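Note sheet for the following structure.
The values are calculated or read from the model by the stated rules, or taken from the named source; none is laboratory data. Computed from a predicted model, the values in this text were never measured in an experiment. Here the Cβ positions follow ideal geometry from the backbone for every residue, glycine too, while neighbour counts run over all protein chains shown.
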Amino acid sequence: MSEFRSGFASLIGRPNAGKSTLLNALIGEKLAIVSDKPQTTRTTIQGVVNLPGAQVVFVDTPGIHKSTTLFNRRMMETVRTALQDRDVLLYVADASIPFSTEDAEAVSVLKDLSTPVFLLANKIDRVQDKRKLLPFIEQYKTIREFDEYLPVSATTGEGLDRVREAIVSRLPEGPAYFPADHLTDQPERFLAAEMIREQILRHTRQEVPHSVAVLIDRWEESSKITKIAATIYVERDGQKAIVIGAGGAALKKIGTLARYEIEKMVGHKVFLELFVKVQKDWRENPAFLNAIDWRSMRGEN
């Protein structure tokens, strides 16, 4: 009888490589929010997958980027932490766009690591000529030897079974870290705040997406309805006007779409109240970042 295996696998890579979509596809549930804006993911999110004879704890991370603000520097700290004490690292690269100097620089975070690292060439569904995948992978090989080279599509699911098999083969023998019904380390309050922020990312423009923080101020739950009050923080009056929209139309749309997603998560009706406030330059304000617990974007209460 084969032994049970368990361990941790971090997903890392540049912004918009598809890490969050991949996390959701690998675990079969929507945990991480997704948008086409860079730096959508701001903190680590765990997703637990139970497979025959194994349990894998996936850890999604912010995209590797140059740190221009205190907030961004703290995001990069979470990436570096996610490289430590892991059984497998999954470096996710966007195979649908040409290899760049930024890609070469991002791979440098892997130097001096002895942990097995897989290169996941993602978004192969967007690559018309599959012959281009080999030269793409070869460019990564010139910088570093990876333990596995796996073409995948987080959108269609192509190649994901091979990813799971390769991960399990590298995991140490040991008991499951979490009960079978455990899905994530993040509470529903965090996930709800992220679902609100996801809709803001999708329906606003210009500088607004990077300047938004969402805090859950109140969460009252009963068997039939969950009442939620949340504050959307921005850095400028102009950004506040964009989020609210003409006659409040933009905020109403954001609230309606977010409420729909939250209802799917909690399994019953949700009453969602949204407020918008200006907190000037909050990404450079240590006191504000500490007060909101920047790692999980939750308020103190």
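Out of all the residues in segment 135-152, which are under 26 Å from the mean Cα position of the chain (by Cα) and among the hydroxyl-bearing types (Ser, Thr, Tyr)?
Answer for segment 135-152, where residues must be under 26 Å from the mean Cα position of the chain (by Cα) and among the hydroxyl-bearing types (Ser, Thr, Tyr): Tyr140, Tyr149.
Give the residues of segment 123-149 that are farther than 13 Å from Leu22 by Cα and among the hydrophobic types (A, V, I, L, M, F, W, C), sorted by residue number. Before you say what the answer is, go through the steps one by one.
Restricting attention to segment 123-149, the residues satisfying the condition of being farther than 13 Å from Leu22 by Cα are 125-149.
Answer for segment 123-149, where residues must be farther than 13 Å from Leu22 by Cα and among the hydrophobic types (A, V, I, L, M, F, W, C): Val127, Leu133, Leu134, Phe136, Ile137, Ile143, Phe146.
What are the residue pairs meeting all of these: first residue in segment 229-241, first residue closer than 14 Å to Arg189 by Cα and assigned by TED's automatic domain parsing to the domain that holds Asn285, second residue surrounded by fewer than 18 Cβ atoms within 10 Å (Cβ to Cβ) and at pLDDT 90 or above, Cβ atoms under 6 Å, and 6 or more apart or on different chains?
Final answer for the pair search is Ala229/Glu273; Thr231/Phe275; Thr231/Lys277.
As an exercise: evaluate Gln206 against (1) surrounded by fewer than 13 Cβ atoms within 10 Å (Cβ to Cβ); (2) at negative phi; (3) at pLDDT below 80; (4) of a type in the set (S, T, N, Q) and give the number of the one condition it does not meet.
Failed condition: (2).
Has segment 111-126 got any residue that is surrounded by fewer than 18 Cβ atoms within 10 Å (Cβ to Cβ), farther than 21 Å from Phe8 by Cα, at pLDDT 90 or above and in the same structural domain as Val56 (by TED's automatic domain parsing)?
First pass over segment 111-126, keeping only residues surrounded by fewer than 18 Cβ atoms within 10 Å (Cβ to Cβ): 111-115, 125-126.
With the extra rule that they be farther than 21 Å from Phe8 by Cα, the set shrinks to 125-126.
From the residues that got through so far, the ones that are at pLDDT 90 or above too are 125-126.
When the remaining residues are screened for being in the same structural domain as Val56 (by TED's automatic domain parsing), the result is 125-126.
Yes, segment 111-126 contains at least one residue that is surrounded by fewer than 18 Cβ atoms within 10 Å (Cβ to Cβ), farther than 21 Å from Phe8 by Cα, at pLDDT 90 or above and in the same structural domain as Val56 (by TED's automatic domain parsing).
Gln46: assigned by TED's automatic domain parsing to the domain that holds Ala166, under 21 Å from Ser20 (Cβ atoms) and modelled with pLDDT of 75 or more, yes or no? Write out each step before concluding.
Numbers: assigned by TED's automatic domain parsing to the domain that holds Ala166: yes; under 21 Å from Ser20 (Cβ atoms): yes; modelled with pLDDT of 75 or more: yes.
Taking the combined requirement at face value, the residue satisfies it.
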